[in-house]
Amino acid sequence: MDKKVELASRLEDAFSLHGFAEPNVATLKSHTQTTLKTLYKYFPSKEDMIVAALNNRHNRYISFLEQGCPPHIDAALDHILQRLAHWLEHYAPRGCLSLQALASYPNNEQIAKAVNSHKQEVKGWFESRLGDKSLAERVFLIHEGMSSAWPTLGYLALDAAKANVSALLVSPSKV
């Protein structure tokens, strides 16, 4: 793993643990186990560090979704929701890190661009797996709802998401 990717991974971990407002650059330096000079060499600002962490997380999430995704739509839908539940339980118990970053830096165009890109690529991944743009958009909204509800509902959010997907498959034009 090259140094920049390694640092981005450690930054992702730091922001996941501490949020975005709390850690200062000195804390991030400590968490990445590097020097300030090296950290700033790869990421000249805290916002650059956040974007690198978000991009790293995006790549991990897409790979995580890809892992073992079946080709059949019904099985793929179940896979997406099960993988999301696993991700939320183990890697994002407080919900979507991208949305947390956007909430912490609502006026930062660089962060907004990274978050929007992530969300569009996830939706695009759904479309490529499901082969239907309209279905992908609806599943994306269920996915986002489950992510947002997870911190308070936990596995009840998965149950609700599965119920919504089932209803969607029974009557796709009415949901």
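The values are calculated or read from the model by the stated rules, or taken from the named source; none is laboratory data. The shown structure was predicted, so the numbers you read here are calculated from the model rather than taken from an experiment. Don't worry about glycine lacking a Cβ; one is built from the backbone with ideal geometry, like all the others, and counts go over all protein chains shown. Please note that ligands, DNA and RNA were not included when accessible areas were found on the heavy atoms of the full protein model with its side chains. Shrake-Rupley method; radii C 1.70, N 1.55, O 1.52, S 1.80 Å.
Working from the pairwise distances between different alpha carbons, so that the mean of 1/r is found and then inverted, what is region 1-55's Kirkwood radius in Å?
10.6 Å
In whole Å, what are the Cα extents of region 1-168 along the three principal axes, biggest one first?
Answer, in whole Å and largest first: 53, 31, 28 Å.
Between region 35-112 and region 130-150, what is the separation of their alpha carbon centroids in Å?
Value for the Cα centre distance between the two parts: 16 Å.
In terms of Cα to Cα distance under 26 Å, which lysines are near enough to residue 4, apart from those fewer than 8 places away along the same chain?
Leaving aside lysines fewer than 8 places away in the same chain, those within reach of residue 4 are 29, 37, 41, 46, 113, 119.
Quick one: pull the percent of accessible area on the chain belonging to carbon and sulfur, 1.4 Å probe, ligands and nucleic acids left out.
Details: 4870 of 9080 Å².
Exposed carbon and sulfur together represent 54 percent of the surface.
Based on the Cβ-Cβ distance of residue 155 and residue 21, what FRET efficiency does E = 1/(1 + (r/R0)^6) give at R0 = 30 Å, to the nearest 0.05?
Approximately 0.55, to the nearest 0.05.
In whole Hz, with x marking every Gly and Pro, tabulate ³J(HN,Hα) for region 8-24 from phi via Karplus 6.51 cos²θ - 1.76 cosθ + 1.60, θ = phi - 60°.
For region 8-24, the Karplus-derived couplings read 4, 5, 5, 5, 4, 4, 4, 5, 5, 6, 10, x, 9, 7, 5, x, 8 Hz, x marking Gly and Pro.
Which translational diffusion coefficient, to the nearest whole µm²/s, is obtained for region 60-146 from the Stokes-Einstein equation, given a Kirkwood hydrodynamic radius over C-alpha pairs, 37 °C and 0.692 mPa s?
For the chosen part, D equals 242 µm²/s.
Taking θ as phi - 60°, what are the ³J(HN,Hα) couplings along region 146-159 by the Karplus curve (6.51, -1.76, 1.60), each to the nearest whole Hz, with x for Gly and Pro?
With the stated coefficients, region 146-159 comes to 5, 4, 6, 7, 3, x, 9, 9, x, 5, 5, 5, 5, 4 Hz.
Per residue of region 122-135, what does 6.51 cos²θ - 1.76 cosθ + 1.60 with θ = phi - 60° give for ³J(HN,Hα)? Whole Hz please, x for Gly and Pro, Karplus curve as stated.
Taking θ as phi minus 60°, the curve returns 5, 4, x, 5, 4, 4, 5, 7, 8, x, 8, 4, 5, 4 Hz for region 122-135.
What accessible area per residue comes out for the chain, rounded to a whole number of Å², with a 1.4 Å probe?
Values: 9080 Å² over 175 residues.
Value for the chain: 52 Å² per residue.
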